[in-house]
Amino acid sequence: MSNAEIADDRKFRSLWGDVWVQFRSHKGAMLGMIVFGLILFGVTLGPYIWTTDPQYLDIRAKNTSTILNCFLTGEQIFQCFSDPTSIKYYDPNAEELVRVKLSWAYPLGTDQLGRDQLAQLLQGGRVSMAVGMAAMLLSLVLGTVAGVIAGYFRRLDGPLMRLTDLFLALPLLPLLLVIIMLFRDTLRGMFGPETGIFLLIVFVIGITSWMQTARIVRGDVLALKEREFILAAHSIGTPAKRVISRHILPNILSPIMVSATLGIAAAIITESALSFLGLGFPSDFPTWGRLLFDGTTYISQSPSRVIWPGLAISLTVLSVNFIGDGLRDALDPRIRGR
Amino acid sequence: MLNYTLRRLMFTIPTLLLISFIIFLILDLAPNDPTGNLPLTIPPEVREKIRQSLGLDAPMYIRYLLWSQQFFINEPLNLLNQWFGWCIGDCEGRLRVSSWATRSPVVDLIAERMPQTLWVVGMSYVVGILIAVPIGVISAYKQYSWFDQIGTFIAMIGFSVPTFFTGVLLIVIFSVWVPNDSFFWLPSIYDTTLEVVDWDSFMLQVRQMIMPVMVLGLFNAAQISRFMRASMLDNLSQDYVRTARAKGLKEKTVLLVHVLRNSMIPVVTVIALGIPQIFGGAIITEQIFKVNGLGQLLIIGIQGADIPLVQTLTFLFAVLIVLFNLIADVLYGLLDPRIRYE
């Protein structure tokens, strides 16, 4: 059998096809991708399906419980589907039958002003996701530019890496809090209450999280620069700009993609933490972190108000981390194909 | 080694000065007015007097130099005076960095809050390490076993679920759902006025520490156990392990004496590097459980626009980061004889 025949037996394989095959074999990553896809689908298209206005105040229906509570009250499960509003259950603390506020109009209940929690959760997810993506993009661009320049131009390596070290030595969470506290009112005045705070939060998260990407990219660029194909590109007179865009950037795509996934997770957590500390978005412009923060005040009356947004944040971050894990394995040629 | 440590120490001084200047610059460039929170009924000329009394009319570089003098020279001298009774220079009339809100010296405020933070944060780190090391060792020794799979999954959850959700979830379970008189009920608010005098108050202290310590501890354990596992795996496949087994050493000796000691080297540095981050993470945990530690002091300072307090605290966090980076590097050199800094 000649070599040509052996080659013919194989299926045609592309690089990204191999990556996809490897990625699919990582169960956690696949599950993460499904969950993340569902959440993304829910927050982008959800508000068109569940059309209740998240800001509408139905004050009569305030503090409605989650419909799930109906199924926990005992034997009246069928009544939950037909008429949940008339359900009473025995409260061991008060030692009497009490009526719980339940309604299919508000499956996740309402807050103390009668705003629908499901609609708020969907709307809040939109903002949280948008902040996560935008901040990740900003930090990715900053990190890649700094890393490529530091790795490619030797004269700028020292100063840029010292700058990276300096940023790594700054206490980030306190500084984020301080910056937001100090610049919040000015930006609100300039761009309006919602856009202003959005821009501020994306900006501060972006400029405080680019350092890891920059370090990884610099290391890879330094190694790539010594390779023959870069030498060949130089020797036929390719200018530096084109060497970077045509030869270097495509080869460092995999670490950039991995840090992109991890960046989304980190940005969502940071935004939620800021909102949780009361220094993020205002209460009438909900994000998951803000909903969680507002819910903690009413934690003993309705624990579900903190559980749903917390679960949303955790599931998103968990699924993104699993995707990152799978991507790292799939993009590593030493692991791929074994 | 000593030479290297000294050189690094020398290098940290300009770094810290630069960081303190950056923090000062951020606070100073901010467009808001420190007297903005005062009542609107104060007439403008009085407001101007207040600004002058806070020293805000001086140019920026003078204020920075004054702060540096107060923080780097006066405060250490004052500490010497308080601790050892040594009096250098003017002991009574020395200017100290003072908070705008409480008018008391910032360093005293920090010293008041420090024990609570150290207790909760320190305990959580110790608990985290105690959980993480055995899990890491077993997961690596039985790689791909069910224990390893579950450990990996729980670690993934551990560092994906943010502390502000685990904390709130624990409160929902142990303070809201569990009845008040049950043995498993835990207080959701950390009471700092509690004094440990007898067994009952000691038990109360333990009960109120369980939740904050577990929240931070689990988060730390998730990260450290991953490092421990990776480091053990690196060492288990090395030649000296085969030699030790070939000599006929007991498996316990091989694992716990030969492999564990060598695997701890990178883990110790990771632990040292993680300590400053823990202080940052404690800001959130302290806010959830109402521990009146450093994190809460920072939040109060930020909400009240208390610039000297915020600046000093932020700078202290930066000092921690730089210091523990140095400690990690030196420890690495001390523990691993293959590494020699020149």
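The table that follows gives values for the structure above.
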{"item": "Sequence-separation-based contact order of segment B:101-224, relative, with Cα cut under 8 Å and 6+ spacing, percent", "result": "43"}
{"item": "GNM flexibility winner over chain A from A:E226, A:E271, A:E194 (Cα, springs under 10 Å)", "result": "A:E226"}
{"item": "Total lysine pairs whose alpha carbons fall under 27 Å of each other in the protein assembly as shown (8 or more apart, or interchain)", "result": "9"}
{"item": "Principal-axis tilt of helix A:253-276 within chain A, Cα atoms, nearest 10 degrees", "result": "30"}
{"item": "Cα gyration tensor shape for segment A:211-321, rounded if a/c is under 1.5, else prolate or oblate", "result": "prolate"}
{"item": "Segment B:66-118: C-alpha gyration tensor shape, a/c 1.5 cut-off, then a/b vs b/c", "result": "oblate"}
{"item": "For B:V291, distant residues with modelled amide H under 5 Å away", "result": "B:Y190"}
{"item": "Solvent exposure, largest accessible area first (probe 1.4 Å, DNA, RNA and ligands not counted), of A:L31, B:L216", "result": "A:L31, B:L216"}
{"item": "Chain A shape via C-alpha gyration tensor axes, a/c threshold 1.5", "result": "oblate"}
{"item": "Per-residue ³J(HN,Hα) for segment B:237-253, Karplus 6.51 cos²θ - 1.76 cosθ + 1.60, θ = phi - 60°, Hz, x for Gly and Pro", "result": "8, 8, 5, 5, 5, 4, 4, 4, 5, 5, 5, x, 5, 5, 4, 4, 5"}
{"item": "A:T208, A:T316, B:T243, reordered so the largest accessible area comes first (probe 1.4 Å)", "result": "B:T243, A:T208, A:T316"}
{"item": "GNM flexibility winner over chain B from B:L236, B:L273, B:L79 (Cα, springs under 10 Å)", "result": "B:L79"}
{"item": "Rounded Å value of the spacing that divides the Cα centres of segment B:247-322 and segment A:153-214", "result": "22"}
{"item": "Solvent-accessible surface ranking, highest first, for B:V178, A:V306 at 1.4 angstrom", "result": "B:V178, A:V306"}
{"item": "Degrees separating the helix B:307-335 axis from the principal Cα axis of chain B, which is the longest one", "result": "30"}
{"item": "Efficiency of FRET between B:F147 and A:F41 - r from beta-carbon atoms, R0 51 angstrom, step 0.05", "result": "0.90"}
{"item": "Alpha-carbon centroids, segment A:102-150 and segment A:261-290: separation in whole Å", "result": "7"}
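The values are calculated or read from the model by the stated rules, or taken from the named source; none is laboratory data. Remember, it's a predicted structure, so these values are computed and weren't measured experimentally. So basically every Cβ, Gly included, is an ideal-geometry build from the backbone, and we count neighbours across all protein chains shown. The protein model used for the area step is the full one, side chains on, heavy atoms only, and it has no ligands, DNA or RNA in it. Shrake-Rupley method; radii C 1.70, N 1.55, O 1.52, S 1.80 Å.
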